[in-house]
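Remarks on the structure that follows.
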């Protein structure tokens, strides 16, 4: 039996024996699920923007210094549509749900596409720390209310011409009259509304009720080093502190264990979907 299968079997036994499973999901997991920001998918959604602005991928395009708000919102309408409203359920997230649905689990994620909700994970077991493509806020956070943008996105898409939306459709804050922004954690104006604090409290309560002497699996999925202080570093620290913890790390580029947890970490840099197929076949 090869080492890959041995690791797969060791990991699925840890999952099967787990009293608690804490999932940490980053951008790599959504990319593995098909929500890729490069290649054919990017070119299909952004052909006109690529021609006009010479964009190369969706990630870097999000930092482009558009000269006008009309251009900015035409771009973001396409970005939100592609990654939030035109995706639907994804096979990989469905596989993850099947893997943990009968366990005492919690999800901590930096992803902003709402895939955990779309795929049926329990609302009270999800903490999305970095925002949601489907929500708008005041650009300067003059108040802490968030606004659904579904209808606006489709109107922006319908009325985009030459990579611009009409001026009258630029979203304006109903309180201060300034411009709106996406609810994404990218500066000090990120709005943490009542729902955000509810998710935060749910995660805190989950951690408080975890018995550190029981079997705990930290299932880390596609988490790199963009924001390691949210998932990666805390998972390593909790794995180290809990005597019966196992860290299962799936990451194509950064799967290595830290020396302190070398005997408590099972690392995979192989295809995530194939790993899940194997695990589900063994349940």
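The values are calculated or read from the model by the stated rules, or taken from the named source; none is laboratory data. Fair warning: this is a prediction, and the values are worked out from it, not measured in the lab. Cβ coordinates were reconstructed from backbone atoms using ideal geometry, including for glycine residues, and neighbour counts include every protein chain displayed.
Observations
- Scope the stretch 199-250; condition loosely packed, with under 13 Cβ neighbours inside 10 Å and assigned to a helix (DSSP H, G or I); matching residues: 201, 204, 205, 208, 209, 241
- Among residues of the stretch 6-40 being surrounded by fewer than 16 Cβ atoms within 10 Å (Cβ to Cβ) and without any contact (Cβ under 8 Å) to a residue 60 or more places away in the chain, the one that is farthest from residue 83 (Cα to Cα) is 6.
- Here 258, 272 are screened, and the one residue that is more than 16 Å from residue 213 (Cα to Cα), in contact (Cβ under 8 Å) with a residue 12 or more places away in the chain and in contact with a strand residue (DSSP E or B) (Cβ under 7 Å, 6 or more places away or on another chain) is 272.
- For residue 102, the stated conditions do not hold, so it cannot be described as touching a strand residue (DSSP E or B) at 6+ places or on another chain (Cβ under 7 Å) and either over 26 Å from residue 251 (Cβ atoms) or without any contact (Cβ under 8 Å) to a residue 60 or more places away in the chain (or both).
- Qualifying residue in the stretch 272-282 (condition: at pLDDT 95 or above, in a strand (DSSP E or B) and in contact with a helix residue (DSSP H, G or I) (Cβ under 9 Å, 6 or more places away or on another chain)): no
- Pairing each residue of the stretch 136-160 that is free of Cβ contacts under 8 Å to residues at least 12 places away in the same chain with any residue that is surrounded by 15 or more Cβ atoms within 10 Å (Cβ to Cβ) and in a helix (DSSP H, G or I), provided the two are 6+ apart or on different chains, yields C-beta distances under 7 Å for 159/169.
- Tallying residues that are surrounded by 15 or more Cβ atoms within 10 Å (Cβ to Cβ) and part of a loop (DSSP other than H, G, I, E, B) within the stretch 156-179 yields 6.
- Screening residue 61 on (1) surrounded by 15 or more Cβ atoms within 10 Å (Cβ to Cβ); (2) more than 21 Å from residue 170 (Cβ to Cβ); (3) under 22 Å from the mean Cα position of the chain (by Cα) shows it passes everything except condition (2).
- Residue 188 passes every criterion in (1) surrounded by fewer than 16 Cβ atoms within 10 Å (Cβ to Cβ); (2) modelled with pLDDT of 95 or more; (3) in contact with a helix residue (DSSP H, G or I) (Cβ under 9 Å, 6 or more places away or on another chain); (4) in a loop (DSSP other than H, G, I, E, B) apart from (3).
- Looking across the stretch 251-263, the residues that are touching a helix residue (DSSP H, G or I) at 6+ places or on another chain (Cβ under 9 Å), modelled with pLDDT of 95 or more and surrounded by fewer than 20 Cβ atoms within 10 Å (Cβ to Cβ) come down to 257, 258, 260, 261.
- Which numbered condition residue 129 misses (of (1) surrounded by fewer than 21 Cβ atoms within 10 Å (Cβ to Cβ); (2) farther than 20 Å from residue 183 by Cα): (2)
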